[in-house]
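Read through the structure below, which is laid out as structure tokens, and then see the notes.
The values are calculated or read from the model by the stated rules, or taken from the named source; none is laboratory data. Just so we're clear, the structure is a prediction, and the values are computed from it rather than from any experiment. FYI the Cβ positions are ideal-geometry reconstructions off the backbone, even for glycines, and counts take in every protein chain you see.
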Amino acid sequence: MGPTIAFFEKPGCKTNRRQQALLRAAGYEPLQLNLLTHPWQVEELRSYLASLPVTQWFNTAAPAVRDGEIDPAGLDADTALAMLLAEPLLIRRPLLEFEGRRMAGFDEQRLEGILGIRLAAGDSAVEACSRRDPATAVCP
């Protein structure tokens, strides 16, 4: 087993499983943590999101975002954080931590820079929802 990466996921998410497989193939061990049940605090969550604009804090496949009920472009940081804390399903995932560095989303280039490795992604949609067919499934 290689170095551990804290990996906050939505249990059962196929995309998160693919991302974890990429990390394992690169010699890292994802420590699977439940994004939905973790007792988030404002500053802890903010530390994962800090490098991104507010619009990228949200899971675009979450029904409320996808269906236009929530428009992240119209939110300030404090309002957005309050919404994410109230409904963790809205949080962009995964949230990752390695050696004190935190990030939201599976940004391959950034991860490769942090880890000093090359991830062997099989496709360009490693962060996109695996159940993206809007006619048959919701990928919250």
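Asn16 fulfils the conditions (1) among the polar types (S, T, N, Q); (2) touching an Asp or Glu at 6+ places or on another chain (Cβ under 7 Å); (3) in a loop (DSSP other than H, G, I, E, B) except for a single criterion, (3).
Taking the criterion of being part of a loop (DSSP other than H, G, I, E, B), at pLDDT 80 or above and of a type in the set (Asp, Glu), the residues of segment 89-140 that qualify are Glu99, Asp107.
Under 6 Å by Cβ, and 6 or more places apart or on different chains, what pairs join a residue from segment 52-78 that is more than 22 Å from Asn16 (Cβ to Cβ) with one that is in a loop (DSSP other than H, G, I, E, B) and not β-branched (Val, Ile, Thr)? Close Cβ pairs satisfying both conditions: Val54/Leu75.
When you look at Thr60, is it of a type in the set (S, T, N, Q) and in a loop (DSSP other than H, G, I, E, B), yes or no? Judged against the criteria, Thr60 is a match. Annotation: of all residues in segment 1-49 being more than 15 Å from Leu119 (Cα to Cα) and among the acidic types (Asp, Glu), the one that is surrounded by the most Cβ atoms within 10 Å (Cβ to Cβ) is Glu9.
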